[in-house]
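Take a look at the structure set out below.
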Amino acid sequence: MAARPHLGRPHPGPQHPDRRRAAQRFGRLAEHAARLLLRFKGYSILACDLRTPVGEIDIVARRGAVVAFVEVKSRARAPDADTLSPAQRRRIVRAAEAFLSRQQDPRLECVRFDLMLMAPWRWPRHIRDAWRADD
């Protein structure tokens, strides 16, 4: 039997429900830890798990005139900064634009897209300005 050519990412197959629940629980804990870290750094949390018609944002945080749209990535091993695809970044930017269009605060001068990388037994890694809206 000849080997089939690789046509992209292989489908991981069905995930066991217990593993899926454990991964979801770890993701929720990682987002909670990210919110705590941001508060410790002086940010106020404006929204969590924000869902818009065009996408979703894990955390919207503000410190002074800076509004940070934070994507939290949690992995069993330390995730890399390139864990977000260009399509994911565009989706987050569109969701941020939808959020900002509903805000009436003129003090929101600076918008930033951050990435928070979380892994068990490692310090969280907060990458400020991880990408720009025009990337």
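Please treat every number below as a calculation from the coordinates, not as lab data. Keep in mind that this is a model prediction, so the values were computed, not measured. Glycine gets a Cβ as well: all are built from the backbone with ideal geometry, and neighbour counts include every protein chain shown.
The stretch between ARG28 and ALA76 holds 15.9 nm of extra length on full extension. This uses 0.36 nm per residue minus the Cα-Cα distance.
By the gyration tensor of its Cα atoms, with a ≥ b ≥ c the square roots of the eigenvalues, what is the shape of the stretch 20-83: rounded for a/c under 1.5, prolate for a/b over b/c, or oblate? Since a/c reaches 1.5 and a/b is larger than b/c, the shape of the stretch 20-83 is classed as prolate. Here the extension length gained between ARG21 and ARG51 equals 8.7 nm, from 0.36 nm per residue of separation less the Cα-Cα distance.
The simple spin-label model puts a point 7 Å past each Cα toward its Cβ; for ALA65 and TRP121 those points are separated by 4.5 nm. Taking the fewest neighbouring Cβ atoms within 10 Å as the starting point, the ordered list for ASP134, ASP18, ASP129 is ASP134, ASP18, ASP129.
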